[in-house]
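Asker: Below are the C-alpha cells for one structure; questions will follow.
The values are calculated or read from the model by the stated rules, or taken from the named source; none is laboratory data. Fair warning: this is a prediction, and the values are worked out from it, not measured in the lab. Neighbour counts run over all protein chains shown; Cβ positions are idealised from the backbone, glycine included. For accessibility, only protein heavy atoms count, side chains too; no ligands or nucleic acids. Shrake-Rupley method; radii C 1.70, N 1.55, O 1.52, S 1.80 Å.
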Amino acid sequence: IPKKNIRNFSIIAHVDHGKSTLADGLLEFTETVHTREMASQFLDGMDLERERGITIKLQAARMRYTPEGGEPHALNLIDTPGHVDFSYEVSRSLAACEAALLIVDASQGVEAQTLANCYLALENDLEIIPVLNKIDLPGADPDRVLAEIEDLVGIDATEAIMCSAKQRIGIKEVLDAIVARCPPPPAEVEPANPLRALIFDSYYDAYRGVVVMFRIVDGSIKKGDKIRFMNSGVEYDIDEVGVISPKQVPVNDRALEPGEVGYLCASIKEVAHARVGDTITSVANEASDALPGYQEATPMVYAGLFPTDQGQYNDLREALEKLQLNDAALSFEVENSPAMGFGFRCGFLGLLHSEIVQERLEREYNLDLITTAPTVVYEVLNAKGETVVVDNPADMPPPDRRREVREPYVRVDLFTPEDYVGTLMELNQDRRGEFITMEYLGTGAGGGRTKLSYEVPLAEVVCDYFDAVKSRSKGYASMEYTMTGYRKNNLVRLDVKINGEEADPLSCIVHKDKAYGVGRDLVDRLKELIPRQQFPVPIQATIGAKSVASARIPAIRKDVLAKCYGGDISRKKKLLKKQAEGKKRMKAIGRVDVPQEAFMAILNKK
Ligand code: GDP
Ligand code: MG
C-alpha cells in the first residue's frame with residue numbers, strides 16, 4: 001500500500017463513552033477480526049483494568065479499508081491509555097498519529113479527561129474528527145454536545161459523525177471520515193534517510209523479550225538490522241519485525257517504511273531499554289537527532305511496601321524486579337523501617353499506578369504486603385542552604401535543621417453539573433485549594449455544566465480526593481490534573497506512637513494549621529482499626545516533642561484458649577489457626593498487631 005493510502009489515527013474518549021465498542025465496530029466492519037475471536041481476545045485485557053474501568057489497551061490494529069470507488073487503504077489504529085497517570089504515554093501514542101477520533105457520549109458531553117487528551121492531540125498537530133456516540137439513547141442531546149465541543153475544544157463540529165457504536169450505526173461513515181480527513185504520513189520523507197522510529201508502546205514477553213510497538217518517521221526497518229535506542233543508548237539485533245493487525249504478523253520479505261506502524265522483537269531484556277517515547281535508529285545509518293518529546297519517568301508518589309512476613313522479603317524483591325521488566329516507570333529501593341523491618345520504598349506515576357502494582361504483587365506473586373500511605377516528594381531547604389528531596393516523611397529533617405519545606409502543587413480541572421459546584425468548592429477549600437476560574441458551559445437537560453479550576457497541593461489530591469469528587473457529585477463530575485510546581489508552605493511532620501513505640505510508617509507531613517485536626521482524626525481512627533490486645537494500648541500523635549492528640553484502646557479479657565479446658569487438642573489447634581488467619585495482613589509494631597487499614601488511616605479523610 002503506497003504511503004498516500006496509509007492513515008494513522010487514535011481514539012480519544014472518556015471512560016465509558018464507547019471507545020472499545022467503536023474500536024470493535026471498526027475491526028468488525030473491516031473484517032480485521034471476527035466477532036467471536038474478538039470477544040475472547042481483544043476485550044479481555046488485564047482483569048485489573050476492567051475492574052477499575054480503565055479503558056483496556058488494544059495497543060494497535062491495522063485495518064484494510066476500501067472506500068466506495070476508491071483505492072485500498074491501510075488504517076492503523078493506535079490505542080492510548082485512558083488515565084491521567086499515563087498522560088505521557090498518551091502524548092507519545094498521539095505523536096505517532098496524524099488524526100484522532102474524538103468520541104463524545106451524546107447523552108453526557110465533554111469530560112475533563114477528554115479535553116486534556118484533546119489538548120495533547122492539538123499540541124501534536126493532529127486533525128480532530130469529532131464523533132458523537134450513543135445517539136440511540138433517548139437522553140442523547142447532539143446539539144448541546146456539539147456546541148460544547150466547539151466551545152471547549154475550539155474546533156468546527158458541524159461535520160461531526162453521528163454514531164451508535166453499539167448498534168453499529170455510522171461505522172462506515174467513521175471509516176470514510178478517517179480516509180478523507182486524516183492526512184497521510186508526510187510525503188517528503190524517504191526510506192533511504194537514517195532510521196527514526198517512535199516507540200509508542202512496549203511490553204515484556206517472557207519468551208521473546210520486550211515487544212516494541214513503533215511508528216516509522218524516517219528511514220526503514222527490517223529483520224536482521226542492528227538498531228540503537230537513542231535515549232537508553234543500548235543496541236540490539238532485530239529478531240522479528242511485523243505488522244499488528246491486531247495479531248502480530250511477521251513481515252520477512254520487505255522493509256517497513258516511513259508512515260508504517262509495526263512491532264519488533266530483539267531479545268530485549270527489559271522495557272527500560274526500549275521505553276515509550278524513545279527513538280529507534282539504525283547503527284549502520286544513524287540519525288543525528290532523536291525525535292522530540294522523550295521524557296524520563298518521574299515518580300509523583302511514593303509508598304513503602306513491607307512483607308507481613310519478613311521471610312517474604314526476597315520474594316518481594318524478585319517480584320518487583322520482574323514487574324520492573326515490564327514497567328519502566330516503577331522505581332524502588334530498600335527501606336529499613338525501625339517499626340516494620342525491611343521493605344521497599346517504591347515510586348509511582350500516580351495513585352492508580354501504585355494500586356495496580358500492589359494488586360499485581362498480591363495476585364500474581366502471592367505476597368502478603370503492608371503498604372504505607374502514599375506521599376508526595378517534598379523539597380527541603382536544609383540548615384546548610386542545600387535543597388534536598390524527601391520522599392519519605394521519616395526522612396524529613398527536624399525543624400532546627402531545615403529552613404523551609406516546599407510541596408508540589410497541581411492544577412485540578414473539574415467538570416460538573418451545576419448542582420454540585422457548591423459541594424466541590426467546599427471540598428477544594430478543605431483541601432487547601434486556591435480558586436482559579438469557573439466557567440459555565442451553557443445549560444442543558446441535566447442543568448448547566450461547569451468547569452471549575454483550582455490549584456491544590458498534590459498531597460491533598462493523592463489522598464481520597466478523586467473518591468470525594470465522585471461521591472460529592474454522585475459520580476457526575478470528572479477531573480484532570482497537571483503539575484504546576486513547588487510552593488513553600490508551613491509544613492510539619494506528625495508522628496504516631498503506639499504503646500509508646502515510634503510507628504514511623506504512620507508519620508505524615510501536614511500543614512501546620514491542620515495538624516491538630518488531622519492528628520485527632522488519625523488517633524480516633526487508629527483506635528477503631530487496631531484490634532484490642534491483651535493489654536491496654538495508648539496511641540499518641542506528636543509534633544516533635546509535643547503531643548497533639550491521644551487515645552487509649554482498652555484491653556480484651558477474653559482468652560480464646562480458656563474455653564478449651566486443655567481437653568480437645570484438635571479443637572485447640574483449630575482455634576489457634578482461626579486466630580492466625582484473623583491476624584493476616586497485620587504487622588506487629590512493638591507488641592501491638594496493626595492491620596493494613598491502619599496504615600492507610602491518614603487517607604480516609606472525612
Ligand atoms: P470505553 O470505556 O470508552 O471503552 O467504553 P465501552 O466501549 O466499554 O462502552 C461503555 C458502555 O457503553 C458499554 O456498556 C457499551 O455497551 C455502551 N455503549 C457503547 N457504545 C454505545 C452506543 O452507541 N449506544 C449505547 N446505548 N450504548 C453504548
Ligand atoms: Mg474500553
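Asker: If you take the residues of the range 291-306 that are assigned to a loop (DSSP other than H, G, I, E, B) and of a type outside the set (Gly, Ala, Ser), which of them is farthest from Arg215 (Cα to Cα)?
Answerer: Within the range 291-306, the first condition is being assigned to a loop (DSSP other than H, G, I, E, B), and the residues that meet it are 291-300.
From what's left, of a type outside the set (Gly, Ala, Ser): 291-292, 294-296, 298-300.
Values: Leu291: 11, Pro292: 14, Tyr294: 15, Gln295: 18, Glu296: 20, Thr298: 24, Pro299: 27, Met300: 29 Å.
Within the range 291-306, the match that is farthest from Arg215 (Cα to Cα) is Met300.
Asker: Name the residues in the range 171-180 that are out of contact with any helix residue (DSSP H, G or I) (no Cβ under 9 Å at 6 or more places or on another chain) and surrounded by 17 or more Cβ atoms within 10 Å (Cβ to Cβ), would you?
Answerer: The answer is Ala177, and nothing else.
Asker: Something else now. Quick test for you: out of Leu198, Leu146, pick the one residue that is open to solvent by less than 20 Å² (accessible area, probe 1.4 Å) and either in a loop (DSSP other than H, G, I, E, B) or touching a strand residue (DSSP E or B) at 6+ places or on another chain (Cβ under 9 Å) (or both).
Answerer: On the way: Leu146 fails: open to solvent by less than 20 Å² (accessible area, probe 1.4 Å).
From the options Leu198, Leu146, the qualifying one is Leu198.
Asker: Looking at the range 498-514, which of the residues that are more than 14 Å from Asp395 (Cα to Cα) and of a type in the set (A, V, I, L, M, F, W, C) is surrounded by the most Cβ atoms within 10 Å (Cβ to Cβ)?
Answerer: Ile498
Asker: Out of the residues in the range 1-28 meeting the condition of being open to solvent by 20 Å² or more (accessible area, probe 1.4 Å) and hydrophobic (A, V, I, L, M, F, W, C), tell me which one is farthest from ligand 2 (Cβ to nearest atom).
Answerer: Going through the qualifying residues, I end up with Ile1.
Asker: Right, here's the next one. Just give me the residues in the range 72-84 being away from ligand 1 (no atom under 16 Å from the Cβ) and open to solvent by 20 Å² or more (accessible area, probe 1.4 Å), in sequence order.
Answerer: Pro72
Asker: Could you list all residues from the range 319-347 that are over 22 Å from the mean Cα position of the chain (by Cα) and free of Cβ contacts under 8 Å to residues at least 40 places away in the same chain? First the steps, then the outcome.
Answerer: Just the residues of the range 319-347 that are over 22 Å from the mean Cα position of the chain (by Cα), to begin with: 334-343.
Within the range 319-347, Val334, Asn336, Gly341, Phe342, Gly343 qualify.
Asker: Since Val518 meets every condition but one in (1) assigned to a helix (DSSP H, G or I); (2) modelled with pLDDT under 90; (3) among the hydrophobic types (A, V, I, L, M, F, W, C), which condition does it not meet?
Answerer: Only one criterion in (1) assigned to a helix (DSSP H, G or I); (2) modelled with pLDDT under 90; (3) among the hydrophobic types (A, V, I, L, M, F, W, C) is unmet by Val518, namely (2).
Asker: Could you list, in sequence order, the residues of the range 96-108 that are surrounded by 24 or more Cβ atoms within 10 Å (Cβ to Cβ) and among the small types (Gly, Ala, Ser)?
Answerer: Ala96, Ala100, Ala106
Condition check ((1) in a helix (DSSP H, G or I); (2) touching a Pro at 6+ places or on another chain (Cβ under 8 Å); (3) buried (at least 24 other Cβ atoms within 10 Å of the Cβ)) across all residues:
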| residue | (1), (2), (3) |
| --- | --- |
| Phe86 | yes, no, no |
| Thr114 | yes, no, yes |
| Asn117 | yes, no, yes |
| Asp125 | no, no, no |
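Asker: Using beta carbons and a limit of 6 Å, which pairs, at least six apart or on different chains, have the first residue in the range 388-403 and surrounded by 16 or more Cβ atoms within 10 Å (Cβ to Cβ) and the second one among the aromatic types (Phe, Trp, Tyr)?
Answerer: Hits for this filter: Val390/Tyr378; Asp391/Tyr302.
Asker: Could you figure out which of (1) open to solvent by less than 60 Å² (accessible area, probe 1.4 Å); (2) within 30 Å of Leu195 (Cα to Cα); (3) at pLDDT below 90; (4) outside any helix (DSSP H, G or I) isn't true of Gln324?
Answerer: (4)
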